[in-house]
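Contents: one structure, followed by commentary.
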Amino acid sequence: MCFPPFIRWPRLTFGSWPSDVFRLTSEALTFGIIDFRFLPTYKTRHNYTLENPFFMEFFKMIDDYGQPHFEDVRHWLFICGDDEDFAQVLTWVERNTLSGRKRVHSEYLPAPNERLGGHPPKSRIAMEPVKLLFLIDDNELENDGSTPEPLSQYATPDHPLYKDNRKFNERRYAMYPSELRMEFYLQVFRTFSTTWGVVYQLYGGTKSLMASAISDSKL
């Protein structure tokens, strides 16, 4: 990729977040998303139990580094994976209940030839629903006087693109085989976010970053 020669790009350095950065943007921070399938310990998740879930070491690292805390974000989406992964996440949520959060179970339904996870098209494992868990803040009403409501299932849009197997190839638009459809990320961001709002994304997948930018310009 080429850039115009008159643009001077700043030197990038790594450092810590300012201690009050999330407090200053707390009013705009409305939605957070964690995709547990992208966490570093996910591949060894079968070695863990409900008493000691696979993501606890990662959560401890978040606590060590500080903000944002789970209470700082009004609404959450946890992308869990299969039934076993969902059970570990749900058990943790039930034991660490966030005040005023309503739990809503949902599912992401892959398209027949989406090849989710890089598996063969239409295979059982590629067609297995991805379990979702929404944590919705009921204490504060949205501007229209109601709290956002997620769908019970997120399926492919009713569009010829998804009806003709020869036309649909989601893998062309994914950097990682576990990324979900762009339409899904757009749906949830438009449900839970507002223009110029702040979205906290932790291992959400590359597409979620793109969808948040697109939603922000379209809302």
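Quick one: order Lys131, Lys102 by neighbouring beta-carbon count within 10 Å, fewest to most.
With the sparsest Cβ surroundings first, the list reads Lys102, Lys131.
So, in nm, how far is label Leu161 from label Phe38 when the simple model puts each one 7 Å beyond its Cα toward the Cβ?
The two pseudo-label positions are separated by 2.0 nm.
Expressed in nm to one decimal, what extension gain is obtained for the pair Glu107 and Thr147 from 0.36 nm per residue of sequence separation less their Cα-Cα distance?
Once the chain is fully extended between Glu107 and Thr147, it gains 12.4 nm.
Between Tyr203 and Ala87, how many nm apart are label points set 7 Å from Cα along the C-beta direction?
2.0
Which ordering of Asp83, Asp64 is given by a fewest-first count of other beta-carbon atoms within 10 Å?
Listing Asp83, Asp64 from fewest to most nearby Cβ atoms yields Asp64, Asp83.
Read-outs throughout are calculated quantities, based only on the coordinates presented, and are distinct from any laboratory measurement. Keep in mind the model is a prediction, meaning the values are calculated, not measured. A quick note on method: Cβ atoms are made from the backbone with ideal geometry, for glycine too, and the neighbour counts reach across all protein chains shown.
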